[in-house]
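The values are calculated or read from the model by the stated rules, or taken from the named source; none is laboratory data. Predicted model only: the values in this text are computed from it and were never measured. FYI the Cβ positions are ideal-geometry reconstructions off the backbone, even for glycines, and counts take in every protein chain you see. We work out accessible area using only protein heavy atoms, side chains counted, and drop any ligands, DNA or RNA first. Shrake-Rupley method; radii C 1.70, N 1.55, O 1.52, S 1.80 Å.
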Amino acid sequence: GGEGSVYKKAGTVIKIFTDLEKMKRDGMADKIRLLSALRHEYIVAPSALVYDERGKEIGFYMPFAEGEPLSRLFTSDYRQRVGITDKDTLTLTERMREAVLFAHENKAVMVDANELNWIAEVGGNNGPKPLVLDVDSWAIDRWPAKVIMLSIRDYHANTFNSLTDWFSWGIV
C-alpha cells in the first residue's frame, strides 16, 4: 500500500515505514505487539518491532512467506500443470475459512483480505496451504482498518466487521 519499504533477509521480511512518525502517531508499536500474538499456520503476522540505531521504533519483521498468487491456482492451465484437483481447491478453501475464523476469534477484522493478500503453498503432501498477508493492516482493538480493495468491498455495509470479511472471503 505504499506505507513502507519491504526487505528480505534469509527467512525474514522487514517492513520499515516510510513515514517514520507513523509508529508513534498511530500507536503502531502497540498494534504490532497485539498482532504478533496471532499465531496460526495460515496467517503471516508480524513477529516483533524493528528499531533504528537510536532505539526508535521504525517498523516490524515477520517470517518470509513464499507461495503462488491465489489467482494462479484457479486457471485450468496451471491446475493441470501442477496437478491441482477439485479436492485441493476444497482443502484450500476450508483452510482459508479457518484463517478467517481464527482472526475473528481473536477479535481481529481482516478487512482487506483480497485476492492479492492471499498466497498458497502448493505441492505438499497435505494439499495446498493458504497464507494470508498484510496482517498489519487488519482492524484490531482500537486500530480501525483504513483501506480495502474495491473488488471485495460490501457496499451495503457502513463499517468493516466480521460480516464484511465473510462477504470478501466469498468473493475471493
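List of remarks:
- Choice from S71, S162, S36 with maximal GNM fluctuation in the chain (Cα, 10 Å cutoff): S71
- Accessible area expressed per residue, the chain, with surrounding protein chains retained (probe 1.4 Å, Å²): 57 Å²
- Debye, to nearest 20: dipole size of the range 51-145, +1 on Lys, Arg Cβ, -1 on Asp, Glu Cβ: 180 debye
- Extension gain for R142 to K9 (0.36 nm times residue separation, less C-alpha to C-alpha distance): 44.7 nm.
- Applying both filters, DSSP loop and at most 16 other Cβ atoms within 10 Å, to the GluC sites (Glu not before Pro) of the range 93-149 gives E115.
- If R0 is 30 Å, the Cβ-Cβ spacing of L20 and E98 corresponds to a FRET efficiency of close to 0.25.
- When the chain is treated as a Gaussian network with alpha carbon springs shorter than 10 Å, the biggest mean-square fluctuation among G124, G59, G27 belongs to G124.
- The mean sequence separation of alpha-carbon pairs under 8 Å and at least six residues apart, normalised by the residue count of the range 107-166, gives a relative contact order of 43 percent.
- For the cross-link pairs K56/K129; K56/K146; K31/K129; K8/K87; K9/K107; K15/K87, the ones whose C-alpha atoms lie over 28 Å apart are K56/K129; K8/K87; K9/K107; K15/K87.
- Shape of the range 7-105, Cα gyration tensor, a/c cut at 1.5: prolate
- Comparing L49, L92, L20 in a Gaussian network model of the chain, where Cα atoms under 10 Å apart are tied by springs, the biggest mean-square fluctuation is seen for L20.
- For the range 1-41 versus the range 126-158, the inter-centroid distance based on Cα atoms is 16 Å.
- Under the Karplus curve 6.51 cos²θ - 1.76 cosθ + 1.60, θ = phi - 60°, whole-Hz ³J(HN,Hα) for the range 8-17, x wherever Gly or Pro sits: 10, 9, 6, x, 10, 10, 10, 10, 10, 5
- Stokes-Einstein diffusion for the chain at 25 °C, viscosity 0.890 mPa s, with a Kirkwood radius from C-alpha pairs, works out to 145 µm²/s.
- Positive-end ranking of A45, I84, I148 along the dipole of the chain, with charges on Cβ about the Cα centre, is headed by A45.
- Surface accessible to a 1.4 Å probe, L90 within the full protein complex, Å²: 120 Å²
- Qualifying chymotrypsin sites (Phe, Trp or Tyr not before Pro) for the range 1-109 [loop in DSSP, other Cβ within 10 Å: at most 15]: F64
- For the chain, the 222 nm mean residue ellipticity estimated from helices alone, with every DSSP H stretch of n ≥ 4 adding -39500 (n - 2.57) and the total spread over all residues, rounds to -8500 deg cm²/dmol.
- Cα-centre dipole for the chain with unit charges at Cβ (Lys and Arg positive, Asp and Glu negative), debye to 20: 240 debye
- Accessible-area composition of the chain, carbon plus sulfur, in percent [1.4 Å probe]: 52 percent
- The stretch between E105 and F167, if pulled fully straight at 0.36 nm per residue, gains 20.6 nm over its current Cα-Cα span.
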